[in-house]
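The values are calculated or read from the model by the stated rules, or taken from the named source; none is laboratory data. Just so it is clear, the model here is predicted, and its values are computed rather than measured. Here the Cβ positions follow ideal geometry from the backbone for every residue, glycine too, while neighbour counts run over all protein chains shown. SASA here: full protein model, heavy atoms, side chains in, ligands and nucleic acids out. Shrake-Rupley method; radii C 1.70, N 1.55, O 1.52, S 1.80 Å.
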Amino acid sequence: MSRPFLLVACVLALFASEVYGEVVEHTFHVGNLTIQRLCRSQMITAVNGSLPGPTIRVREGDTLIVHVLNKSPYNLTIHWHGVFQMLSGWADGPVYVTQCPILPGNSYTYKFTITGQEGTLWWHAHVSWIRATVYGALIIRPRSGRSYPFPKPYREIPIVLGEWWNANVVDVEDEALASGAPPNVSDAFTINGRPGDLYPCSRIGTYKLTVIPGKTYLLRIINAALNTQLFFKIANHHLTVVSADASYTQPYKTDVVVVAPGQTTDVLLTADRPLGDYYMAARAYASAAGGQFDNTTTTGIVHYEGSTSSVPLMPVLPAFNDTPTAHRFYSNLTSLKTTLNAHVADHVDERMFITVGLGLSACDRNATCGGPNGLKFAASMNNQSFQLPSTLSMLQAFFSGVKGIYTEDFPDNPPVVFDYTNTNPNNSFNPSLYMTEKNTRVKKLRYNSTVEIVFQNTALIGVENHPIHLHGFNFLVLAQGFGNYNPVRDRKKFNFVNPQERNTIAVAVGGWAVVRFKANNPGVWIMHCHLDVHLPWGLAGAFVVENGPTPSSRLPPPPPDLPRC
């Protein structure tokens, strides 16, 4: 080969990688793992023998291929939390929504391209509670030749916050569903799989981050806990938020970060304190008054290189029920105007008002359940308690035109208008309000339509902050507040300039949030509370987005190895 031809070939290869990205390939071996935590041995389900599972690193524009081999005793799917999955909805992962489960002993290969996203996302199981231990970080860097919209950090470190039970988590869930009562709360929280030295038998192995004085680090914080929102602080340090849910934010300086299950927050940490050791710590933000929760604290250690200190400083964490601090953090984030994935559309095609919260449903015949009034806990959106199908995935039904798997009649408004956040007895335990209806209803959307949703918290059985996650899209958070949403008063608060962009919104306890998104991705997309106790109870709904008018806007056929029911 001549030298000029070789040079041209190299240039073309470099250009192709710049335009189309690389192929990144992983293999997930999912199986049993016995590990030591809290003075005991516990068998868990894990990926590649580690907790958390492997960190996936890609660049925007790359194609990710993950071979999943299910060697566990449980059905399995993997969800790539926050990935748009443009025209690759078959790879989204929620069981019975976009695919049937990967049965024990079987395998499936996920393949999709990361398009138009940079920052921190994550992956996790989307079948039952095995998400408690089957999860890991998904880091998306800018493609070659592009840079962050903030000073390049010295190092980047995933900080994955988790939740731990001294029990088989599938049994914990099954017992709760059988009894109709809330599940047992966790026994610990974790940082990168480690509880930290405030727990028994946990000092050895506490996560430690060694920093060089004067250097700046990018901490990629992920809340992988099942049921708990978390406050996170580092003693005597300020943090600068630069991204949330893989969307860049205006730099926001804070001494505390709040992350709901499913959310991610990227922060810059500058090692500008005196030499020493400093705890990073996380504990619950428990918004439900009177509800049981894990009141323990997980810790890691920020160790300054050269320090001889042996006693880390502990941060003063907010009170467990410090809703003002949580709301201040959630509501003060705004997007970088130059990096919004979508402008705020002036015209809205679909308006929905969706109530979210806990309710009750009838107990099985001749049984007494552990919920209030001898009933079982349920949860709902607009009084519809979502029930997954079991004979065919919803996306397969959509693609093949199969009837009877779901109905396209999810209501745009709740069936009854009432004082949603009033906790007086006329509301809180009113059977005409709290009894829910089990079904599989979806909202059908035209391709490229603009959708505005008001999420309204309710106080029927209890009132708490609900993190709502939408698959397949980001939404723009136009406004959020407390009490009952008032369209005349509260529309004046809308941010049309630089609203934060999210895939998971923490709807304030006893409050509301208004979001907007463009339905430009055909397929079936579930929207659900990311407190895993609430998903099987039915706090979910789904959108069916019609195909577009051109081949490039239509869902392609399913992969030949897609698991069948």
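When we screen T325, T334, T339 for residues that are at pLDDT below 95, among the hydroxyl-bearing types (S, T, Y) and closer than 30 Å to E118 by Cα, the only hit is T339.
Residues in the range 393-418 that are under 29 Å from the mean Cα position of the chain (by Cα) and more than 30 Å from P557 (Cβ to Cβ): 5 in all.
H303 fulfils the conditions (1) within 23 Å of the chain's Cα centre (by Cα); (2) not in a loop (DSSP other than H, G, I, E, B) except for a single criterion, (1).
With respect to the conditions (1) closer than 30 Å to A459 by Cα; (2) under 25 Å from the mean Cα position of the chain (by Cα); (3) assigned to a loop (DSSP other than H, G, I, E, B), S390 falls short on a single one, namely (1). Given the criteria surrounded by 23 or more Cβ atoms within 10 Å (Cβ to Cβ), in contact with a Gly (Cβ under 8 Å, 6 or more places away or on another chain) and modelled with pLDDT of 95 or more, does W123 qualify? Yes, satisfied.
In summary, N503 fulfils each of the numbered conditions (1) within 21 Å of the chain's Cα centre (by Cα); (2) farther than 26 Å from T77 by Cβ with the single exception of condition (2).
Could you tell me which of the residues G82, G116 is among the small types (G, A, S), under 25 Å from N547 (Cβ atoms) and open to solvent by 20 Å² or more (accessible area, probe 1.4 Å)? None of the others qualify; the one that does is G116. Only one of the numbered conditions (1) on the phi < 0 side of the Ramachandran plot; (2) in contact (Cβ under 8 Å) with a residue 12 or more places away in the chain; (3) open to solvent by 20 Å² or more (accessible area, probe 1.4 Å) is not met by V356, and that is (3). If you go through the range 286-308 and keep only what is open to solvent by 10 Å² or more (accessible area, probe 1.4 Å) and either aliphatic (A, V, I, L, M) or closer than 23 Å to K253 by Cα (or both), you end up with A286, A288, A289, I301, H303. Does at least one position in the range 318-332 carry a residue that is touching a residue at least 60 places away in the same chain (Cβ under 8 Å), among the hydrophobic types (A, V, I, L, M, F, W, C) and in a loop (DSSP other than H, G, I, E, B)? No, every residue in the range 318-332 fails to be touching a residue at least 60 places away in the same chain (Cβ under 8 Å), among the hydrophobic types (A, V, I, L, M, F, W, C) and in a loop (DSSP other than H, G, I, E, B). Annotation note: of V160, V134, V211, V170, the sole residue that is more than 27 Å from F28 (Cα to Cα) and surrounded by 14 or more Cβ atoms within 10 Å (Cβ to Cβ) is V211.
If I filter the range 185-208 down to residues being among the basic types (K, R) and modelled with pLDDT of 95 or more, which single residue comes out as surrounded by the fewest Cβ atoms within 10 Å (Cβ to Cβ)? Only one residue tops the list, namely K208. Is the range 403-410 home to any residue that is in contact (Cβ under 8 Å) with a residue 24 or more places away in the chain and open to solvent by 70 Å² or more (accessible area, probe 1.4 Å)? Yes, because at least one residue in the range 403-410 is in contact (Cβ under 8 Å) with a residue 24 or more places away in the chain and open to solvent by 70 Å² or more (accessible area, probe 1.4 Å). When Y20 is tested against (1) modelled with pLDDT of 95 or more; (2) surrounded by 12 or more Cβ atoms within 10 Å (Cβ to Cβ); (3) not small (G, A, S), just one condition goes unmet, and that condition is (1). Just one of the numbered conditions (1) closer than 30 Å to E22 by Cβ; (2) surrounded by fewer than 20 Cβ atoms within 10 Å (Cβ to Cβ); (3) in contact with a strand residue (DSSP E or B) (Cβ under 8 Å, 6 or more places away or on another chain) is not true of A181: (1). Quick check on this structure: which one of P261, P274, P318, P324 is over 30 Å from T421 (Cβ atoms) and either surrounded by 15 or more Cβ atoms within 10 Å (Cβ to Cβ) or not aliphatic (A, V, I, L, M) (or both)? Going through P261, P274, P318, P324 in turn, the sole match is P274.
Considering the range 525-565, and only residues there that are assigned to a strand (DSSP E or B) and touching a Gly at 6+ places or on another chain (Cβ under 7 Å), the residue that is surrounded by the fewest Cβ atoms within 10 Å (Cβ to Cβ) turns out to be M527.
Within the range 53-67, the residues that satisfy the criterion of being farther than 21 Å from V169 by Cα, surrounded by 19 or more Cβ atoms within 10 Å (Cβ to Cβ) and not charged (D, E, K, R) are I56, V58, G61, L64, V66.
Of the residues making up the range 462-492, those that are farther than 29 Å from L121 by Cβ and either small (G, A, S) or surrounded by fewer than 23 Cβ atoms within 10 Å (Cβ to Cβ) (or both) are G462, F482, G483, N484, Y485, N486, P487, V488, R489, D490, R491, K492.
Filtering the range 101-121 to residues that are out of contact with any helix residue (DSSP H, G or I) (no Cβ under 8 Å at 6 or more places or on another chain) and not hydroxyl-bearing (S, T, Y) leaves P101, I102, L103, P104, G105, N106, I114, G116, Q117, E118, G119, L121. Applying the condition of being touching a strand residue (DSSP E or B) at 6+ places or on another chain (Cβ under 7 Å) and open to solvent by 20 Å² or more (accessible area, probe 1.4 Å) to the range 374-387 and asking which residue is nearest to M352 (Cα to Cα) yields N383. Among the residues of the range 432-461, those identified as assigned to a strand (DSSP E or B), over 21 Å from the mean Cα position of the chain (by Cα) and either surrounded by 20 or more Cβ atoms within 10 Å (Cβ to Cβ) or modelled with pLDDT of 95 or more (or both) are R441, K443, K444, L445, S449, T450. Have a look at A225, A181, A176 and point out the one that is modelled with pLDDT under 95 and outside any helix (DSSP H, G or I). Selected residue: A181, the only one of A225, A181, A176 that is modelled with pLDDT under 95 and outside any helix (DSSP H, G or I).
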